[in-house]
1. I'm checking my understanding of the structure. Among residues of segment 14-26 that are part of a helix (DSSP H, G or I) and either touching a helix residue (DSSP H, G or I) at 6+ places or on another chain (Cβ under 7 Å) or touching a residue at least 12 places away in the same chain (Cβ under 8 Å) (or both), which one is surrounded by the fewest Cβ atoms within 10 Å (Cβ to Cβ)?
2. Of the numbered conditions (1) loosely packed, with under 15 Cβ neighbours inside 10 Å; (2) at pLDDT below 95; (3) in a helix (DSSP H, G or I), residue 1 satisfies every one except a single condition; which is it?
3. Within segment 69-91, is there a residue that is touching a strand residue (DSSP E or B) at 6+ places or on another chain (Cβ under 9 Å), at pLDDT below 95, on the phi < 0 side of the Ramachandran plot and not in a loop (DSSP other than H, G, I, E, B)?
4. Condition test on residue 57, is it crowded, with 16+ Cβ neighbours inside 10 Å, without any contact (Cβ under 8 Å) to a residue 24 or more places away in the chain and within 14 Å of the chain's Cα centre (by Cα)?
């Protein structure tokens, strides 16, 4: 993908196109029917930057990753904050 494409995905134009796609196709994954974690996927890039609704489809994140051939869906690791009181108490116990 090009830098121009990634900039487009951050643009107001794409945000509006995405809203139109949800209204046109509905707010559920077209593969599994999930209603959460939804994204809009390009079926083709033939009309990029001026996509007709037929070029777009709503997918949940897991189905979107499968569509792109990403086998494992990685979860983001969240950093746990260490509680200084707990750490101090644990140090005393040693």
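The values are calculated or read from the model by the stated rules, or taken from the named source; none is laboratory data. Note that this is a predicted model, so its numbers are computed, not measured. Cβ coordinates were reconstructed from backbone atoms using ideal geometry, including for glycine residues, and neighbour counts include every protein chain displayed.
1. Among residues in segment 14-26 that are part of a helix (DSSP H, G or I) and either touching a helix residue (DSSP H, G or I) at 6+ places or on another chain (Cβ under 7 Å) or touching a residue at least 12 places away in the same chain (Cβ under 8 Å) (or both), the one surrounded by the fewest Cβ atoms within 10 Å (Cβ to Cβ) is 24.
2. All conditions are met except number (3).
3. In the first step, residues of segment 69-91 are kept if they are touching a strand residue (DSSP E or B) at 6+ places or on another chain (Cβ under 9 Å); the result is none.
No, segment 69-91 contains no residue that is touching a strand residue (DSSP E or B) at 6+ places or on another chain (Cβ under 9 Å), at pLDDT below 95, on the phi < 0 side of the Ramachandran plot and not in a loop (DSSP other than H, G, I, E, B).
4. no
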